[in-house]
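Take a look at the structure below.
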Amino acid sequence: MRKFAFALAAPLLALAFAFLVTTIILIVSGHPPIDTYKQMWDYGIQPDSLSLTLNLSTTYYLAAIAVAIGFKMNLFNIGVDGQYRLAALFAAYVGGQISLPPVLHVTVIIATAMIVGALWAGVAAVLKNRRGVSEVISTIMLNYVATGIIAFLLTEGRFGVLAEGSNNIGTPTIPDSGHVPGIPLIPDAFDPVYGLIFLAAAVGIGYWWMLNRTRFGFDLRATGLSPTAAAASGINGKRMVLFVMLLSGALAGLIGMPQLLGVSMTYNLDFPAGLGFTGIAIALLGRNSPIGIVFGALLWAFLDSSRQILDLTGVSKEIVTIMQGVAVLSVVVAYELVRRYSIRAQQREVGRQLAAETPMAEAAA
């Protein structure tokens, strides 16, 4: 019970501090904070907003899990953003070029995305193992390289075709057999919920099972806690770096699939970008836990969907961005404070037990 309370205290402290800072900013800018929060809540629980929240959280959850698996080993895959965009481009192109039965068509598209994402992340792993290049530097640079490759390929004569009556260029539209229909989960909502929400749930369950029920998960956590001790116990650090980066990249390849197979059916200039960096923030907020990330993704998505009402009421919707940024910054401090308090509490508990056992030992002697 105490362990659960400590785990819950850090994100609650961070959120409380984020709301405090946001409230101060609203007061200083002349906007009533309670009315603003009430407007956001009322708008956020509308059927269309709830559907949007679930769709956003599906994508955010996949992005956060892709990042978290590296964080568990102190491996910072900052290149998730480039990996998922490149994977979505190739998956969309392949999906638009083939015609297969429905389930097989979707499987080929998703497999293509995972393979491309894994291969692109594997470049950083090879650089780290062979040349000692920090994965932080290499993955950031690979993001820029991916942007250049996408711009090169998404042109007419290569992967791109110009949409009729528009200047928006994109890959050929994926046939109906490659679509994943939405689910009318929210009554009266205009947009259905992504059908691939079940894929995100399966990824979360698989992530938990891998971490807690497999030898690979044990090696991953052991390497993250102490690389020296892990190496002394026979764990191959370089092999772990390669496998974790490949797995992280493969999961990153899934990030764009709900949007690609559920809405756009093509990769074009309007395809969402920046989801990899959102995943980093949510992974930190959820402490890399599959359950914690669920709440982090839902909160993040709810704030993003409910912020749409702010412009109509004269409040800048960037206030939500400030709130999210403060939450991410303060969660790191909150975790450290809670960790130190937990250690001191354990030391006091051990001291009390030793003090209680000493008189009994002396009496027995």
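Would you confirm whether or not segment 312-332 contains a residue that is hydrophobic (A, V, I, L, M, F, W, C), loosely packed, with under 14 Cβ neighbours inside 10 Å, touching a residue at least 12 places away in the same chain (Cβ under 8 Å) and within 28 Å of Ser29 (Cα to Cα)? Yes, some residue in segment 312-332 is hydrophobic (A, V, I, L, M, F, W, C), loosely packed, with under 14 Cβ neighbours inside 10 Å, touching a residue at least 12 places away in the same chain (Cβ under 8 Å) and within 28 Å of Ser29 (Cα to Cα).
When Ser134 is tested against (1) in contact with a Lys or Arg (Cβ under 9 Å, 6 or more places away or on another chain); (2) at pLDDT 95 or above; (3) among the polar types (S, T, N, Q), only condition (2) is not met. Of the residues in segment 176-189, at least one is exposed (fewer than 15 other Cβ atoms within 10 Å of the Cβ), at negative phi, of a type in the set (A, V, I, L, M) and part of a loop (DSSP other than H, G, I, E, B).
Scanning segment 289-307 turns up one or more residues that are surrounded by fewer than 14 Cβ atoms within 10 Å (Cβ to Cβ) and of a type in the set (Val, Ile, Thr). Return the total of residues in segment 333-342 being open to solvent by less than 30 Å² (accessible area, probe 1.4 Å) and under 24 Å from the mean Cα position of the chain (by Cα). Summing the residues that are open to solvent by less than 30 Å² (accessible area, probe 1.4 Å) and under 24 Å from the mean Cα position of the chain (by Cα) in segment 333-342 gives 2.
Looking across segment 161-175 at every residue that is part of a loop (DSSP other than H, G, I, E, B) and more than 15 Å from Gln97 (Cβ to Cβ), the one that is most open to solvent (accessible area, probe 1.4 Å) is identified as Glu164.
If a residue must be within 21 Å of Gln97 (Cα to Cα) and either within 19 Å of the chain's Cα centre (by Cα) or not β-branched (Val, Ile, Thr) (or both), how many such residues does segment 116-160 contain? Talk me through it step by step, then tell me what you get.
So in segment 116-160, the residues within 21 Å of Gln97 (Cα to Cα) come out as 116-117, 149-160.
Retained after the next criterion (residues that are either within 19 Å of the chain's Cα centre (by Cα) or not β-branched (Val, Ile, Thr) (or both)): 116-117, 151-154, 156-160.
Total satisfying the criteria: 11.
Selection over segment 200-242 of residues that are touching a residue at least 24 places away in the same chain (Cβ under 8 Å) and of a type in the set (Ser, Thr, Tyr) gives a count of 2.
Where helices (runs of 4 or more DSSP H) fall entirely within segment 28-113, those with at least 2 residues that are under 23 Å from Ser177 (Cβ atoms) and either open to solvent by less than 20 Å² (accessible area, probe 1.4 Å) or in contact (Cβ under 8 Å) with a residue 40 or more places away in the chain (or both) are at 47-71, 80-97.
Taking segment 220-244 as the region of interest, how many residues are open to solvent by 30 Å² or more (accessible area, probe 1.4 Å), of a type outside the set (A, V, I, L, M, F, W, C) and not in a loop (DSSP other than H, G, I, E, B)?
From segment 220-244, those open to solvent by 30 Å² or more (accessible area, probe 1.4 Å) are 221, 225-229, 231-234, 236-239, 242-243; that's our starting set.
So of that shortlist, the ones also of a type outside the set (A, V, I, L, M, F, W, C) come out as 221, 226-228, 233-234, 236-239.
Now restrict to residues that are not in a loop (DSSP other than H, G, I, E, B): 221, 227-228, 237-239.
Here the count works out to 6.
What about Ala5, is it crowded, with 19+ Cβ neighbours inside 10 Å, modelled with pLDDT under 95 and either part of a helix (DSSP H, G or I) or on the phi > 0 side of the Ramachandran plot (or both)? Judged against the criteria, Ala5 is not a match.
Annotation: Val350 fulfils all but one of (1) hydrophobic (A, V, I, L, M, F, W, C); (2) modelled with pLDDT under 85; (3) loosely packed, with under 13 Cβ neighbours inside 10 Å; (4) under 24 Å from Phe71 (Cα atoms); the unmet one is (4).
Please verify whether segment 124-131 includes one or more residues that are touching a Ser or Thr at 6+ places or on another chain (Cβ under 6 Å), free of Cβ contacts under 8 Å to residues at least 40 places away in the same chain, surrounded by 15 or more Cβ atoms within 10 Å (Cβ to Cβ) and assigned to a helix (DSSP H, G or I). If you could, list the steps in order and put the result at the bottom.
Taking segment 124-131 and keeping what is touching a Ser or Thr at 6+ places or on another chain (Cβ under 6 Å), we get 124, 127.
Applying the additional criterion that residues be free of Cβ contacts under 8 Å to residues at least 40 places away in the same chain yields 127.
From the residues that got through so far, the ones that are surrounded by 15 or more Cβ atoms within 10 Å (Cβ to Cβ) too are 127.
Next, from what is left, pick out any that are assigned to a helix (DSSP H, G or I): 127.
Scanning segment 124-131, I find at least one residue that is touching a Ser or Thr at 6+ places or on another chain (Cβ under 6 Å), free of Cβ contacts under 8 Å to residues at least 40 places away in the same chain, surrounded by 15 or more Cβ atoms within 10 Å (Cβ to Cβ) and assigned to a helix (DSSP H, G or I), so the answer is yes.
For the subset of segment 190-212 comprising residues that are open to solvent by 50 Å² or more (accessible area, probe 1.4 Å) and not aromatic (Phe, Trp, Tyr), which member is nearest to Thr59 (Cα to Cα)? Out of the qualifying residues, it is Ala201.
The values are calculated or read from the model by the stated rules, or taken from the named source; none is laboratory data. Bear in mind that the values here come from a model prediction, so they are computed numbers and not experimental data. With ideal geometry, Cβ positions are generated from the backbone for all residues, glycine too; neighbour counts draw on all protein chains shown. Only protein heavy atoms, including side chains, enter the accessible area calculation; ligands, DNA and RNA are left aside. Shrake-Rupley method; radii C 1.70, N 1.55, O 1.52, S 1.80 Å.
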